[in-house]
Amino acid sequence: MKVCGFSFVRNAVKYSYPVVEAVKSILPICDSFVMSVGNSVDDTMDLIRSIDSGKIRIVESVWDAGKRKNGEVLAEETNKVFDQIPEEYDWAFYIQADEVMHEKYHPVLSAAMDSWHDTPEVEGILFKYLHFFGSFDYHADSRSWYRNEIRIIRNNKQIRSYKDAQGFRLNGRKLNVKAVDAYMYHYGWVRPPEIMQQKHVSFNRLYHSDEWVNRRINHTQLYDYSKVDSISRFTDTHPLVMQERIRKLNWKVELDERKKSYNLADRMLHWVEDKTGKRLFEYKNYNLI
């Protein structure tokens, strides 16, 4: 069994993406890794080249600025780097530039890929998610944040990234997947407030016109982390590869775990989920088998 990791990134330095940590977090269970570096205005290429591993192959890409409908350029970049994985690999491990895998899940994932290696009906592996918010001490826990996503897929080039690169489809249909008891740690909302606001502006340009972004989003203000609808304190450990970044945290965010900013419908749905454990009307871009 052979596993190839893959990812893409652009302007990682400017927007403080933990992409080095992302790559390093799954390298131990990958035989190789393909990283696509987009046309950046900073030192992203040097940053990726600084990762000391012979497993990594870097490819360059130019993002299509005209593809802004539903963030489709993100899916296009995912497909471009996925297509760089040679046929000899059985599994493709996808990780986004702001996601990090805790090392405690390596044995679980290796065992899962080995177990389902000869079971072709298993087309992907489904992860749980923790979405950190504001700082490394909190994670967002409302139903507005996705709970699961596919991050390991068969090396089948008929599988394509879907919409804005959150999931995958095979010939237009949902993948048949197995779930694992492993969390992906998503750090996309943990940045200094001024960088978070700049990233917020940049990210919206992947979905909307410049005129829309200029009209709707303040380019100079600090990002207001207090607007989150529900938050919980994180009491477990972060991945080892994140420790240096955590040590360098130089901003302070204090959030109120008691505050729940739900409308009436969400309040009722959260009540049902708290009582039953079931999330009604949850969007699932996969078929669990």
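Values in this text are rule-based calculations from the coordinates and carry no lab data. If you're wondering where the values come from, they're calculated on a predicted model, not measured in any experiment. As a convention, Cβ positions derive from the backbone with ideal geometry for all residues, glycine included, and neighbour counts pool all protein chains shown.
Here are some notes:
- Per-selection Rg to Rh, the stretch 163-221 - Cα, Kirkwood hydrodynamic radius: 1.13
- Among beta bridges that DSSP assigns inside the stretch 1-147, antiparallel share in %, nearest 5: 10 percent
- Percentage, to the nearest whole number, of Cα pairs in the stretch 3-189 over 30 Å apart: 13 percent
- By the count of neighbouring beta-carbon atoms within 10 Å, fewest first, Ile289, Ile48 end up ordered Ile289, Ile48.
- Neighbour counts of other Cβ atoms within 10 Å put Trp212, Trp63, Trp91, Trp189 in the fewest-to-most order Trp212, Trp63, Trp189, Trp91.
- Close amide H partners of Leu126, meaning residues 5 or more places away or on another chain with modelled amide H under 5 Å apart, are Lys178, Ala179, Val180.
- Summed side-chain charge close to Gly54 - residues other than Gly54 whose Cβ falls under 15 Å, Lys, Arg +1, Asp, Glu -1: +2
- In plain terms, the chain from Ser226 to Gln84 could stretch by 47.0 nm, reckoned as 0.36 nm per residue minus the Cα-Cα distance.
- Of Trp145, Val3, Tyr187, farthest towards positive along the dipole that unit charges on Lys, Arg, Asp, Glu beta carbons give the chain: Trp145
- Using a Gaussian network model of the chain in which every pair of alpha carbons under 10 angstrom is joined by a spring, one finds that among His139, His208, His131 the greatest mean-square fluctuation is at His208.
- In order along the stretch 98-105, the Karplus-derived 3J(HN,Hα) couplings, from 6.51 cos²θ - 1.76 cosθ + 1.60 at θ = phi - 60°, round to 10, 10, 9, 9, 5, 5, 5, 8 Hz, and Gly and Pro are given as x.
- Shown here for the stretch 119-218: GluC sites (Glu not before Pro) in loop regions (DSSP other than H, G, I, E, B) with at most 16 other Cβ atoms within 10 Å, namely Glu121.
- Placed amide H near Gly167: partners under 5 Å, 5+ positions off or other chain: Tyr162
- Across the stretch 94-149, counting alpha-carbon atoms alone, Rg and Dmax equal 14.0, 42 Å.
- Using θ = phi - 60° in the Karplus curve 6.51 cos²θ - 1.76 cosθ + 1.60, the 3J(HN,Hα) couplings for the stretch 72-80 round to 4, 5, 5, 5, 4, 5, 4, 5, 4 Hz; x is entered for Gly and Pro.
- Lys/Arg +1, Asp/Glu -1 at C-beta; the stretch 1-123 dipole; positive extreme among Val81, Met113, Val20: Val20
- Of the trypsin sites (Lys or Arg not before Pro) found in the stretch 240-275, those in coil by DSSP whose Cβ has at most 15 other Cβ atoms within 10 Å are Lys248, Lys252, Arg258, Lys259, Lys260.
- Among Asn176, Asn39, Asn250: highest mean-square fluctuation, GNM of the chain, C-alpha pairs under 10 Å: Asn250
- Placing +1 on the Cβ of every Lys and Arg and -1 on the Cβ of every Asp and Glu, with no other charges, gives the chain a dipole of roughly 780 debye about its Cα centre.
- Of all DSSP bridge pairs formed entirely within the chain, close to 45 percent run antiparallel.
- For the stretch 16-160, size of Cβ-based charge dipole, Lys and Arg +1, Asp and Glu -1, in debye: 360 debye
- Per-residue HN-Hα couplings for the stretch 18-24 [Karplus 6.51, -1.76, 1.60; θ = phi - 60°; Hz; x = Gly/Pro]: x, 6, 4, 5, 4, 4, 4
- Per-pair calculated FRET efficiency, R0 = 22 Å: Lys157 and Glu103 via Cβ, rounded to 0.05: 0.15
- Residues whose amide H falls under 5 Å from that of Tyr138, counting only those 5 or more places apart or on a different chain, are Phe133, Phe234, with hydrogens built in the peptide plane.
- Gap separating the Cα centres of the stretch 240-289 and the stretch 115-174, nearest whole Å: 17 Å
- Site pair Ala179 and Leu280 shows an inter-label distance of 1.9 nm when each label is modelled 7 Å from Cα along Cα→Cβ.
- In this simple spin-label model, placing a label point 7 Å from the Cα along the Cα-to-Cβ direction at both Asn171 and Ser110 gives a separation of 3.5 nm.
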